[in-house]
1. I'm told residue A:66 meets every condition in (1) assigned to a helix (DSSP H, G or I); (2) away from chain B (no Cβ under 11 Å); (3) modelled with pLDDT of 95 or more; (4) touching a helix residue (DSSP H, G or I) at 6+ places or on another chain (Cβ under 8 Å) except one. Can you identify the failing condition by its number?
2. Output the residues belonging to segment A:56-99 that are under 30 Å from residue A:338 (Cβ atoms) and open to solvent by 20 Å² or more (accessible area, probe 1.4 Å).
3. I need the full set of residues from segment A:501-532 which are β-branched (Val, Ile, Thr) and open to solvent by 10 Å² or more (accessible area, probe 1.4 Å), in order please.
4. Just wondering, is there one or more residues in segment A:310-326 that are under 25 Å from residue A:160 (Cβ atoms) and either part of a helix (DSSP H, G or I) or open to solvent by less than 40 Å² (accessible area, probe 1.4 Å) (or both)?
5. Within segment A:83-97, can you find the residues that are touching a helix residue (DSSP H, G or I) at 6+ places or on another chain (Cβ under 6 Å) and within 10 Å of residue A:278 (Cβ to Cβ)?
6. Conditions: (1) in contact (Cβ under 8 Å) with a residue 24 or more places away in the chain; (2) open to solvent by less than 30 Å² (accessible area, probe 1.4 Å). Residue A:388 meets all but one. Number of the miss?
7. Out of (1) more than 26 Å from the chain's Cα centre (by Cα); (2) open to solvent by less than 20 Å² (accessible area, probe 1.4 Å), the odd one out for residue A:191 is which?
8. Which one is nearest to residue B:6 (Cα to Cα), of the residues in segment B:54-88 that are within 11 Å of chain A (Cβ to nearest Cβ), β-branched (Val, Ile, Thr) and open to solvent by 20 Å² or more (accessible area, probe 1.4 Å)?
Amino acid sequence: LWFVVCSFAVNMFKGQINPSQVFPFPSVMNEEQTQFLQELVPPVSKFFEEVNDPAKNDSLEKVEDSTMESLKEMGAFGLQVPQDLGGVGLTNTQYARLVEIVGQHDLGVGITLGAHQSIGFKGILLVGSPAQKEKYLPKLATGETLAAFCLTEPASGSDAASIKTLATLSPCGKHYILNGGKIWISNGGLAEIFTVFAKMPMMDEKTGQMKDKITAFIVERSFGGVTHGPPEKKMGIKASNTAEVYFENVPVPIENVLGEVGGGFKVAMAILNNGRFGMAAALSGTMKGVITQAVDHAANRVQFGSKIHTYGAIQEKLARMTMLQYVTESMAYMISGNMDSGSKDYHIEAAISKIFASTDILWLFPVVCIQGSGVERVMRDLRIFRIFEGTNDILRLFVALNGFQDAGKHLKSLQKALKNPLGNAGLLAGEITKRAKRTAGLSTGLTLQGSVHPELSHSGNLAVKAIEHFGVTVEDMLLKHGKNILHEQFVLKRVADSAIDLYAMVVVLSRASRSLSQGHASAQHEKILCETWCIEAYDRIMKNVKDLKSSSTTQVFKNMKAISAAVVENGGIVAPHPLGF
Amino acid sequence: MSRVLVGVKRVIDYAVKIRVKPDHSGVVTDGVKHSMNPFCEIAVEEAVKLKEKKFIKEVVAVSCGPTQVTETIRTALAMGCDRGIHVEVSGKDYEAMGPLQIAKIFAALAKKEEASLVILGKQAIDDDCNQTGQMTAALLDWPQGTFASEVTIDGEKVKVVREIDGGLETIKISMPAVLTADLRLNTPRYATLPNIMKAKKKKIANMKPADLGVDMVSRVEVLRVDEPPTRLAGVKVETVDDLVAKLKANGTI
């Protein structure tokens, strides 16, 4: 029984191309939505240019009270809440466009808003009952109450399933009693409404044993027993409040269970998945702002008798920044477009976009970072983006393992088919032909022709070749390691990095193709961005593919494991000092 | 005391770097960011404030031009105007449109809508004419309070503090009247997203200048548009005697 998985990323792990979500570049807003968004952009931009003071917010280590008030009046706290519940009712694409403006000007404000609506009360939007939505969303939309997402604990960060906050049913059966402590909670000191994840012992029907399952709850500070610690002193996003939140015998009415009892982990993942594209959107705005400053500096600064933008070293930096911004922005709007079109199949791409946006952004800092120049603050603000909402290390594993899982299923069904070749002649014939062609070095017929603009056909071919090689590598890794691939993190990281580069190639091919087809004034410039990106990404992917096949790389992994074991055992550096003391 | 007409003009945004068209017939407007003339924003703000203070019942935002000007009207609606009127002018008529034509349109509308006040920005930042308000008042034979930095309604009269070269002048004029807004009159509010949403439900009526009996023929022809000459480098001199000598040498004195 075949059903078509539309996600481009899932298919590329199988060495297949499903272009439906990536070509043409999504254009999902109708005329009314476009017009509405065009009216929203100027006042929001104006507010952030003229009223919000990011330097002040940073030095006060909070968003100025008057700014918070204005943001609430502006409707910034309920952008995706439906209009009939008091919000602005934006689609994901519209939300991304506004969040981009915030990202361009003040990431501290961005996190305050994001912690509130992108994750803080997103659960209510996604899985809340009508009664819960009616009760909580109106005040959250106006910012009368603020929200916070409470998952992380001192002993449970990436390992979210291991949380210990406990929920036990009261004797009267009308409340759950919540006990535990959460850390690193954005808006923890400001929020009135908390989405809290706690474990509950539940009867497993299959085994008859008690098992801990996680449940999500809507907890009001007014229930009593909710306290918080002082604001954490941070290096960056200082304006955002981060605090510990403690729950001591908090009575939570059973009506406040969010989603299914025992289904909390899924709720948490759904919330995080759903909000991830927002980060890529915000960071694409941040990059835009920094690039403007970098260009201004490079175009005016004179050293050794010439403006520094005439020097190759600076030209490379400016070019790279521009390409990174182009890719990030393209990913953000492709994903938001897919989500708005109803796709349920975007979690790998969303994870890829978050990793991409937050990893390479440090390329953007060749400019002088004097305190108070604004750019210095941005640099401090950016560090957290690799860590929260799923560390990039974990997300890489997620991308690779999800991709492997689907590819593995495909492989399994092939192996099954091999046991009954006559009954599966068609499937096998296709596979045999494909492999024979591959072995002979011929193209397997995979193509992006018809999707990619003719002027980009060379780059399109690079992408196709990369997908073919990538698919083969994935299969080889599965055949080599089987289920143990789960533990081969050196492999998983390289597979994930290749997947990220591949998706990036396809995304810019799609965007640049659209610009060429529509005859934009910038189409030729975008063509160069696309081609350059594809050349370098292809090289990186092929290097990863080669490394994963090579025995010297396997040796390198073994060596790294040994080095790590040695320093761990020694509590630090092992090699004695060159001076002998 | 019922209705106020406010004029809003769509102009090239103040932050844009203006470029002259290669044929010197005007400036490049295609693909360039446009927004509401800043003095019109101040006019809208004043009208909305008067309504909030209950001196007037209805504020009508008016703009003349092609379809794009409806964006500007909608911004005015989001700031609190009750309804809009779009007077459609396009093509050559739009390019040739100037204060006289606009004044005629506003005079006709003021009569048609039985307005008690017409509030305009003192001038537009694209042509800097500073004529429309004055011409409108003259065509209507209404009193005018121009360069207003403070407006107070007192029964059937309006007290206007005007910014003039010598300082401030306070006058009292009878309504109906025409006012033009100067910089210090007020600080325009930011359109909030909920207000932009509400504005979508407000009505914008369409009409043509002919419907108002206005002839759009211009008596002015623009011959040529040029950028200001690039400023030449100056010359530094050491002493006053040197300065006098140089000025004599180039014929200035």
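1. (4)
2. From segment A:56-99, those under 30 Å from residue A:338 (Cβ atoms) are A:71, A:74-99; that's our starting set.
Listed by number, the residues that qualify are A:80, A:82, A:83, A:84, A:85, A:86, A:89, A:91, A:92, A:97, A:99.
3. Residues of segment A:501-532 that are β-branched (Val, Ile, Thr), as a first pass: A:506-508, A:528, A:532.
If the condition is that a residue be β-branched (Val, Ile, Thr) and open to solvent by 10 Å² or more (accessible area, probe 1.4 Å), then A:528, A:532 are the ones that fit.
4. Residues of segment A:310-326 under 25 Å from residue A:160 (Cβ atoms): none.
Looking through segment A:310-326, none of the residues is under 25 Å from residue A:160 (Cβ atoms) and either part of a helix (DSSP H, G or I) or open to solvent by less than 40 Å² (accessible area, probe 1.4 Å) (or both).
5. A:92, A:96
6. (2)
7. Answer for residue A:191: the failing condition is (1).
8. Going through the qualifying residues, I end up with B:75.
The values are calculated or read from the model by the stated rules, or taken from the named source; none is laboratory data. This is a predicted model, so every value here is computed, not measured. FYI the Cβ positions are ideal-geometry reconstructions off the backbone, even for glycines, and counts take in every protein chain you see. Only protein heavy atoms, including side chains, enter the accessible area calculation; ligands, DNA and RNA are left aside. Shrake-Rupley method; radii C 1.70, N 1.55, O 1.52, S 1.80 Å.
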